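Data block below; observations after.
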Amino acid sequence: MIELYYWPTPNGHKISIALEEMGLFYEIKSVNIGAGDQFKPEFLAFSPNNRMPAIIDHDGPDGKPVTVFNLVLYYYIWLKRQAS
């Protein structure tokens, strides 16, 4: 299962649209940047630079988090091609 750590920002929308277009199943984990959720220890544990959106694909390579926006998009393009 893919976890998308997300807040409705332009980059957050881009990732969720990409996931929808690729037909990949995911679960949204809201990270309220207005309340400072991106600075909480549980978020910083996998995104130490407090960047969003972030994803963890538990079925992907080692279940490692991906937190750099462009890498998130490239990862899913790669994942979709592997499934083809």
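Quick look at the values:
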read-out: Contacts under 8 angstrom Cβ, first residue in the range 15-28 being β-branched (Val, Ile, Thr), partner surrounded by 10 or more Cβ atoms within 10 Å (Cβ to Cβ) and not in a helix (DSSP H, G or I), 6 or more apart; value: Ile15/Leu4; Ile15/Tyr6; Ile15/Pro53; Ile15/Ile55; Ile28/Leu4; Ile28/Tyr6
read-out: The range 19-33: number of residues that are in a helix (DSSP H, G or I) and within 13 Å of Asp57 (Cβ to Cβ); value: 1
read-out: Test: residue in the range 1-17 that is in a loop (DSSP other than H, G, I, E, B) and among the charged types (D, E, K, R); value: no
read-out: Condition met for Lys29 (of a type in the set (Lys, Arg) and over 11 Å from the mean Cα position of the chain (by Cα)); value: no
read-out: Test: Tyr75 is at pLDDT 90 or above, buried (at least 16 other Cβ atoms within 10 Å of the Cβ) and of a type in the set (Ser, Thr, Tyr); value: no
read-out: Of all residues in the range 18-44 being hydrophobic (A, V, I, L, M, F, W, C) and touching a strand residue (DSSP E or B) at 6+ places or on another chain (Cβ under 9 Å), the one that is surrounded by the fewest Cβ atoms within 10 Å (Cβ to Cβ); value: Phe25
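Matching residues to (1) of a type outside the set (Val, Ile, Thr); (2) under 10 Å from the mean Cα position of the chain (by Cα); (3) modelled with pLDDT under 85:
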| residue | (1), (2), (3) |
| --- | --- |
| Ile33 | no, no, no |
| Gln38 | yes, no, no |
| Glu42 | yes, no, no |
| Ser47 | yes, no, no |
| Asn50 | yes, no, no |
| His58 | yes, no, yes |
| Ser84 | yes, no, yes |
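The values are calculated or read from the model by the stated rules, or taken from the named source; none is laboratory data. Not measured: the values here are computed from a predicted model. Methodologically, a virtual Cβ is constructed for each residue, glycine included, from the backbone with ideal geometry; neighbour enumeration extends over all protein chains shown.
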